[in-house]
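*Asks:* Here you go, one structure.
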Amino acid sequence: MVATEPFVGRPVLRKEDPELITGEAQYVDNWTMPGMVWMALVRPPYVHATIDAIETAEAAAMPGVVGVFTAADLELGALPFVWPITEDIKVPVRYPLTGDKIRFAGDAVAVVVAERREQAIDAAELVSITATELPAVTDIEKAAADGAPLLHDELGTNVTVHWVHGGAGDQSVFETAPVIVTERYVQPRLIPNAIEPRGCLAYGVPAMNEWTLVSATQIPHIVKVTLSGVIGSEKNLRVIAPDVGGGFGSKLNVYAEEALALALAKRLGRPVKWIEERSENYVATTHGRGVLHDVTLAADEQGKLIGMKFVELADMGAYYQLLTPGIPELGGWVYMGPYDPQSYWYEFRGVVTNATPTDAYRGAGRPEATYVIERAMDVLARKVGKDPAEVRRINLHAPFLEATPFICGLSVDSGNFEPLLDKALELVGYEQLRKEQAARRDAGDVRQLGIGVTTYIEMCGLAPSNILGALRYAAGGWDGATIECLPSGEVILKTGTSPHGQGHDTAWSQIVADGLGVDPDKVTVLHGDTQVSPLGMDTYGSRSVSVGGVAILFAMEKIKEKARTIAAHELEVSEDDLAWADGAYRVSGAPDKARTIPEIAVSAWHAHALPDGVEPHLNATAVYDPKNFTWPAGAHVCVVEVDTETGAADIIQYIAVDDCGTVINPMIVEGQVHGGVAQGIAEALYEEAIYDEVGNLTTSSMSQYLIPSAVEIPHMTTDNSQETPSSTNPLGVKGIGEAGTIASPPTVINAVVDALSHLGVTEVGKPASPERVWRAIQEATTGSPGVSGGLGGATPAQQEGGTA
């Protein structure tokens with residue numbers, strides 16, 4: 001008997017990749033059906049207007065047009081909203097088509113159905129809308145002020161929600177502490193740009209009232225529940241999420257187009273398809289961030305935190321999407337970071353504006369919180385005259401391996417924060433960098449060196465159903481898995497998680513391979529289809545492995561319990577005489593007498609000699625509801641060179657040290673960190689949604705909204721060697737998908753400010769474009785922001801004549 005090396009922990013190549021890189025993946029746009037028609041939405045060129053009339057006759061007469069429909073024609077119910085976070089929340093009801101008032105540029109007033117896509121698009125341009133324009137407001141402070149134009153007259157205000165999570169500790173410290181830091185941080189809106197825009201196809205069997213929705217969604221199970229009313233029966237609706245080309249939260253939603261496709265398929269008795277244009281994506285798919293924070297830190301003269309206070313104004317957009325007001329609340333639990341203050345206060349007000357609705361965007365509230373506390377920690381360090389890494393070190397929570405209450409009011413599963421900081425500083429060569437920085441400053445070098453540090457903690461694994469219920473969230477936090485062991489020796493796993501790039505096929509196969517003693521290539525993972533895998537709560541919030549993965553573990557335990565009974569019967573020993581070792585049940589003292597799971601699966605299949613009371617077939621289902629959230633942590637360091645003559649900031653080193661508990665596949669973890677950091681760098685240096693004075697989105701395409709290319713993304717050094725297992729799930733896993741996006745924006749901005757702090761620069765907003773940095777330098781050194789010379793927000797590649 002030779003011991004086998006576990007598959008969990010190995011960098012196994014991704015099973016998903018061959019079909020992706022050979023062009024054999026199946027996205028929504030690859031689907032076609034006989035008799036299929038296309039739909040296009042009519043989005044008028046208004047930001048805020050009362051609809052007076054909609055003329056559809058000319059569009060209806062166009063070649064190929066099957067029909068033109070308004071809200072009055074379809075009479076659909078409101079779109080789902082599942083997180084009324086307070087009892088007194090004001091909910092702006094939204095319908096798939098608006099019939100009374102246009103409230104943002106993406107609001108649709110009609111839908112055109114035609115035989116071909118181009119016919120539908122052409123006809124949609126001929127729908128005529130007569131409207132009375134109203135004043136628009138996209139600035140959240142102006143929208144919250146008395147006298148602002150009202151978006152929803154029936155609500156009587158634009159301030160729709162006020163959530164307070166505070167009062168922990170002595171609140172007087174914010175007035176009496178020896179050191180007080182007060183800062184304001186603005187985090188602009190971000191526009192998700194998945195490589196695959198949204199799309200859906202609805203079809204059915206009208207005679208049976210059975211309908212299927214194929215959608216580029218992260219949440220097929222939630223879509224099934226929330227849109228079942230469109231066809232009148234949940235049991236008659238099937239939702240399929242095929243290959244999905246990126247989500248990042250933008251596909252964590254139930255959209256108007258999905259409801260319309262279903263309703264029109266039922267009405268017309270034909271398959272109806274819609275694929276989003278990139279220009280639609282910018283105005284009609286949810287945005288992220290869009291928040292303003294006023295921050296107060298209280299500390300002693302050494303920089304030891306006493307209290308933290310955060311007051312946030314959050315832009316909801318024109319309506320709520322599925323989770324909108326809950327996104328700031330998610331951040332409310334992590335503003336304390338990995339630190340240990342004595343007092344804590346957080347509150348936010350949600351404000352509706354004439355802009356695209358906001359909702360989850362990679363990290364969902366946690367990046368906003370981490371940005372604020374980590375920027376303020378650097379300010380505190382400067383105020384007490386200490387190195388920013390040292391101020392973090394003296395404030396880090398002591399290590400713990402069991403669930404420990406934090407000042408936020410939740411228990412953190414485990415943590416060991418200081419070694420993460422030490423490792424990051426070691427990898428970057430921190431002391432030597434500080435010496436080089438001093439030398440450049442002394443020499444008056446044009447290119448100044450900046451070093452940014454972040455230590456973070458995040459709350460993942462959206463999680464215990466009872467806690468989510470207490471937070472007024474409509475759904476639960478459980479997930480399910482079904483395992484079937486076939487007589488061929490192969491294993492089928494049906495998971496309730498719905499991946500869109502996370503590598504579930506590979507990681508889940510590794511877990512099953514270790515648990516059942518089979519090769520990962522013998523495991524087939526099925527997901528994203530509510531008929532194939534009906535039990536699930538889908539993928540978001542870094543929950544998949546810590547909830548769905550643990551459900552797999554419990555399903556395997558059920559399989560093994562039954563297999564143990566069969567093995568004992570066949571080997572003619574007591575079950576107590578069997579031990580699981582090296583992929584088989586072995587007889588204690590005679591390990592060569594054994595039965596593997598594939599062998600037992602054959603016995604369970606033919607059922608010729610099963611023990612009394614044992615059912616044929618080796619299969620099991622488990623549903624897991626976690627006991628707690630999971631809490632990954634880490635330390636990131638960024639090194640930049642800032643050209644003081646142009647304001648251009650170049651990242652020359654990036655270090656990411658992350659602790660996500662037990663690592664299933666280090667290669668997948670590294671890839672998730674790379675992608676997350678890239679998104680965070682984009683947030684820090686390039687991306688910003690900008691509205692003009694009358695509410696038009698001026699960054700409405702990739703020519704105005706900057707997305708970095710591979711040229712702008714630096715080489716990254718990652719380290720995931722520290723594994724502090726979660727104390728609240730048996731796999732010890734925590735999650736990693738959002739870590740890079742949570743940690744990197746403050747790390748990069750801290751580095752840019754650090755490069756210029758000796759010149760008197762104390763603040764550079766996001767994104768730190770060359771113009772914004774150059775103006776900060778001019779204001780600090782001359783007292784005037786000056787003129788930038790036309791650099792604008794161009795990326796380094798664009799400034800040099802290239803493209804990004």
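The values are calculated or read from the model by the stated rules, or taken from the named source; none is laboratory data. The model shown is predicted, which means the values in this text are computed figures rather than measured ones. Note: ideal-geometry Cβ built from the backbone for every residue, glycine included; neighbour counts use all protein chains shown. Areas reflect the complete protein model, heavy atoms only, side chains present, ligands, DNA and RNA absent. Shrake-Rupley method; radii C 1.70, N 1.55, O 1.52, S 1.80 Å.
*Asks:* Looking at this model, which pairs from K251/K627; K224/K273; K235/K266; K560/K627 are more than 20 angstrom apart at the alpha-carbon?
*Replies:* On the way: K251/K627 27 Å; K224/K273 18 Å; K235/K266 15 Å; K560/K627 24 Å.
Pairs exceeding 20 Å: K251/K627; K560/K627.
*Asks:* Same structure, new question: Can you find, among P487, Y540, Y473, the residue farthest towards the positive end of the dipole of segment 456-549? Put +1 on the C-beta of Lys and Arg, -1 on that of Asp and Glu.
*Replies:* Y473
*Asks:* Here is a further query. Gain in length, E763 to E301, computed as 0.36 nm per residue apart minus the alpha-carbon separation, to one decimal in nm?
*Replies:* Numbers: separation 462, 0.36 × 462 = 166.32 nm, distance 2.23 nm.
So the extension gain works out to 164.1 nm.
*Asks:* Size of the dipole of the chain about the Cα centre, Lys and Arg at +1 and Asp and Glu at -1 on the beta carbon, nothing else charged, in debye to 20?
*Replies:* Working: 57 positive and 104 negative charges, 105 e Å.
With Lys and Arg at +1 and Asp and Glu at -1, about 500 debye.
*Asks:* Take the solvent-accessible surface of the protein heavy atoms, probe 1.4 Å, and return the percent of it on the chain that carbon and sulfur atoms account for. Spell out each step's value before the answer.
*Replies:* Values: 14880 of 28930 Å².
Using a 1.4 Å probe with all protein chains present, the chain comes out at 51 percent carbon and sulfur.
*Asks:* Contour minus end-to-end for H606 and R472, with contour as 0.36 nm per residue of separation and end-to-end as the Cα-Cα distance?
*Replies:* Full-extension gain reported as 43.3 nm.
*Asks:* Once label points are set 7 Å from the Cα along Cα→Cβ at both S128 and R184, what is their separation, rounded to one decimal in nm?
*Replies:* Modelled inter-label distance: 4.7 nm.
*Asks:* Per residue, how much accessible area does segment 169-232 have with a 1.4 Å probe, in Å²? Let's see the in-between values first.
*Replies:* On the way: 2320 Å² over 64 residues.
Ligands and nucleic acids excluded, the figure is 36 Å² per residue.
*Asks:* Taking Cα pairs under 8 Å and at least six residues apart, what relative contact order does segment 527-668 come out at, in percent? It would help to have the intermediate numbers written out before the result.
*Replies:* On the way: 141 pairs, mean separation 26.2, N = 142.
In percent, rounded to a whole number, it is 18.
*Asks:* Let me ask something else about it. With r defined as the distance between the Cβ atoms of I21 and D577 and R0 fixed at 41 Å, what FRET efficiency is calculated, to the nearest 0.05?
*Replies:* On the way: r = 49 Å, r/R0 = 1.20.
Efficiency, rounded to the nearest 0.05: 0.25.
*Asks:* Residue separation times 0.36 nm, minus the C-alpha to C-alpha distance between R382 and E561: what's the value?
*Replies:* Working: separation 179, 0.36 × 179 = 64.44 nm, distance 5.97 nm.
Full extension of this stretch gives 58.5 nm more.
*Asks:* Under 12 Å from a point placed 7 Å out from the Cα of N209 along the Cα-to-Cβ direction: which residues of segment 237-272 have their backbone N that close?
*Replies:* Taking a point 7 Å out along Cα→Cβ of N209, the residues of segment 237-272 whose backbone N falls under 12 Å are 237.
*Asks:* Here is a follow-up. List the GluC sites (Glu not before Pro) in segment 1-98 that DSSP assigns to loop (not H, G, I, E or B) and whose Cβ has at most 13 other Cβ atoms within 10 Å. Which are they?
*Replies:* Numbers: sites: E16, E19, E24, E55, E58, E75, E87; in loops: E16, E24, E75, E87.
The qualifying sites are E24, E75, E87.
*Asks:* When the label point is put 7 Å from the Cα of E277 along its Cα-to-beta-carbon vector, which residues of segment 77-103 have a backbone N closer than 20 Å?
*Replies:* 97-98, 103
*Asks:* Rounded if a/c is under 1.5, else prolate if a/b beats b/c, else oblate: with a ≥ b ≥ c from the C-alpha gyration tensor eigenvalues square-rooted, which is segment 14-119?
*Replies:* Oblate.
*Asks:* Under the definition of Cα pairs under 8 Å and six or more residues apart, what whole-number percent is the relative contact order of segment 596-661?
*Replies:* Averaging sequence separation for qualifying contacts and normalising by length gives 24 percent for segment 596-661.
*Asks:* Over the chain, what is the relative contact order in whole percent, taking alpha-carbon pairs under 8 Å and six or more residues apart? Intermediate results must be reported in sequence, preceding the final value.
*Replies:* Working: 2003 pairs, mean separation 116.0, N = 804.
With pairs under 8 Å counted, the relative contact order is 14 percent.
*Asks:* Return the label of the correct value of percent of Cα pairs over 44 Å apart, as calculated from the structure shown, out of [x] 46; [y] 24; [z] 30.
*Replies:* After the calculation, the listed value that fits is [z].
*Asks:* Given the C-alpha centroids of segment 454-507 and segment 367-428, what is the distance between them in whole angstrom?
*Replies:* 28 Å
*Asks:* Restricting to DSSP loop positions (anything but H, G, I, E, B) with no more than 12 other Cβ atoms inside 10 Å of their own Cβ, which GluC sites (Glu not before Pro) remain in segment 673-710?
*Replies:* Numbers: sites: E683, E687, E688, E693; in loops: E687, E688, E693.
Those satisfying the criteria are E693.
*Asks:* Could you report segment 366-449's accessible area per residue, 1.4 Å probe, as an integer in Å²?
*Replies:* Numbers: 3350 Å² over 84 residues.
Normalised by residue count, the accessible surface of segment 366-449 is 40 Å².
*Asks:* Ok, one more. Over the Cα atoms of segment 632-740, how large are the radius of gyration and the largest Cα-Cα distance (Dmax), in Å?
*Replies:* 17.5, 55
*Asks:* Can you pull the one-decimal nm distance between simple spin-label points at V711 and A53, each 7 Å off the Cα toward Cβ?
*Replies:* Placing both labels 7 Å along Cα→Cβ, they lie 5.2 nm apart.
*Asks:* Right, another one. Give the residue list of GluC sites (Glu not before Pro) in segment 360-468 that are DSSP loop and have at most 10 other beta-carbon atoms within 10 angstrom.
*Replies:* Values: sites: E368, E374, E390, E402, E426, E431, E436, E458; in loops: E402, E458.
Qualifying residues, ordered by number: E402.
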